[in-house]
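The values are calculated or read from the model by the stated rules, or taken from the named source; none is laboratory data. No experiment lies behind these values; they were computed from the predicted model shown. Quick reminder, even Gly has a Cβ in these numbers, built from the backbone with ideal geometry, and neighbours come from all protein chains shown.
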Amino acid sequence: MIYNFSAGPAVLPKEVLQQAADEMLDWHGSGMSVMEMSHRGKEYMSIIEAALRDMRELLAVPANYKILFLQGGAIAENAIIPMNLSALRGGAQPGVADYINTGSWSVKSIKEARRYCEVNVAASSEAEKFASIPARESWKLSHNAAYVHLCTNETIDGVEYQFTPDVAADTNNAPLVADMSSHILSRTLDVSKYGVIYGGAQKNIGPAGLTIVIVREDLLGHALPICPSAFDWKIVADNDSMYNTPPTYAIYIAGLVFQWLKRQGGVAEMERRNIAKAGLLYDYLDSTDFYKTRIAKDSRSRMNVPFFLHDDSLNDIFLAGAKERGLLQLKGHKSVGGMRASIYNAMPLEGVQALVEYLREFERTH
Ligand SMILES: Cc1ncc(COP(=O)(O)O)c(C=O)c1O
């Protein structure tokens, strides 16, 4: 049995891959692979419409929000967001955007946004090496911020918001903009608390190449003149995500994942399982000095669990032994070191149990 702990692109449900394999050469008697279909044909339209409908249902996305399917990944969105939102308050010049710095992905978002607008880093945990989410009371928000940006799950550092910040009163109602690349659909979510939710698909949704943007309708139509048309959210929304050719096959697989999620019992059931899986792993890591975690308990990610052996010189032996047991891609990100287990929706409880069993055995034998 193989268990893939990759941070992304990441494990997908076996059932989904099997269905895609079965339908690869001839989708539903159409005589075509999904990859070969015109994105405007009736077969493909039924696929994208179902995917949009199912995603809306899974996240209970309110009617005044658009779901956009784009390309470019979350890193492209780091530029696309200020291009669409920094002039939200009106005026010829882009305004100031507030960013909360909680890890490697926030750092990247901030750096990119600075190319387009003024950035105020309203709070940062960088000085403590991103070991926790800064308390909401400590944020120094701008009174007239165009928007407030956060990364609600830091994939590399392993920190996750366990609260939804309210920023309206301090910012004259600035919208919250959240990079949810690595935990969207892993927990229930009140979409109405956010102006924009975005992320790459390659963790909990499907293959790389698809980028999701969920945007409140009143935030459309404010793009800077320099914004490429294909990334102007209003143009994309007005064209039902077909202004340019969307990543058709990635959307098809995402649609199969959405159907799989519905069969499992939806996002609330995934959250229940994810709490159980993360609890099992953290409880074991906490129970011994052989392994260490760095993240404050109230900020720990349920999706990405970085951990360290007490003796770094054992890392290669640990990884080789893990691989022998079918526990793959456990090496930590190079900027953090150590190990990282990413335990997304498609990772079964049995995978985490197998990992904990190996952790215990490795500790006993080393
Ligand atoms: C939280 C987060 N933001 C942004 C990115 C970058 O995504 P992409 O490489 O798809 O642009 C990643 C991913 O790998 C991520 O985990």
**Prompt:** Considering Leu330, Leu349, which residue is of a type in the set (A, V, I, L, M), closer than 21 Å to Arg273 by Cβ and crowded, with 16+ Cβ neighbours inside 10 Å?
**Reply:** Leu330
**Asked** Of the residues Tyr252, Tyr198, which is over 19 Å from Leu12 (Cα atoms), hydroxyl-bearing (Ser, Thr, Tyr), touching a residue at least 60 places away in the same chain (Cβ under 8 Å) and surrounded by 19 or more Cβ atoms within 10 Å (Cβ to Cβ)?
**Response** Tyr198
**Request:** Could you figure out which of (1) under 30 Å from Lys262 (Cβ atoms); (2) modelled with pLDDT under 95 isn't true of Pro175?
**Result:** (2)
**Request:** State yes or no: is Asn172 in contact (Cβ under 8 Å) with a residue 24 or more places away in the chain, more than 16 Å from the ligand (Cβ to nearest atom) and at positive phi?
**Result:** yes
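Going by the structure shown, is Arg340 assigned to a helix (DSSP H, G or I), touching a residue at least 12 places away in the same chain (Cβ under 8 Å) and among the charged types (D, E, K, R)? Write out each step before concluding.
Values: assigned to a helix (DSSP H, G or I): no; touching a residue at least 12 places away in the same chain (Cβ under 8 Å): yes; among the charged types (D, E, K, R): yes.
Against the criterion (assigned to a helix (DSSP H, G or I), touching a residue at least 12 places away in the same chain (Cβ under 8 Å) and among the charged types (D, E, K, R)), Arg340 does not qualify.
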**Request:** Considering only residues that are basic (Lys, Arg) and free of Cβ contacts under 8 Å to residues at least 24 places away in the same chain, look in the stretch 112-160 and name the one that is nearest to the ligand (Cβ to nearest atom).
**Result:** Arg114
**Request:** Would you please name the residue that is surrounded by the fewest Cβ atoms within 10 Å (Cβ to Cβ), looking only at residues in the stretch 144-172 that are among the β-branched types (Val, Ile, Thr) and within 17 Å of Ala10 (Cβ to Cβ)?
**Result:** Ile156
**Message:** Can you list residue pairs whose Cβ atoms sit under 6 Å apart, with the first residue in the stretch 313-334 being within 23 Å of Asp157 (Cβ to Cβ) and assigned to a loop (DSSP other than H, G, I, E, B) and the second being basic (Lys, Arg) and at pLDDT 95 or above? Count only pairs 6 or more apart in sequence or on different chains.
**Reply:** Gly332/Arg340
**Message:** Residues that are within 11 Å of the ligand (Cβ to nearest atom) and at pLDDT 95 or above: does the stretch 221-232 have at least one?
**Reply:** no
**Request:** State all residues of the stretch 274-300 that are over 25 Å from Pro134 (Cα atoms) and surrounded by fewer than 18 Cβ atoms within 10 Å (Cβ to Cβ); if no residue qualifies, say none.
**Result:** Ala276, Leu280, Ser287, Thr288, Asp289, Phe290
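Take residues that are within 16 Å of the chain's Cα centre (by Cα) and among the aliphatic types (A, V, I, L, M) and tell me which of the helices (runs of 4 or more DSSP H) falling wholly in the stretch 201-286 contain 3 or more.
Where helices (runs of 4 or more DSSP H) fall fully within the stretch 201-286 and carry at least 3 residues being within 16 Å of the chain's Cα centre (by Cα) and among the aliphatic types (A, V, I, L, M), they are 248-264.
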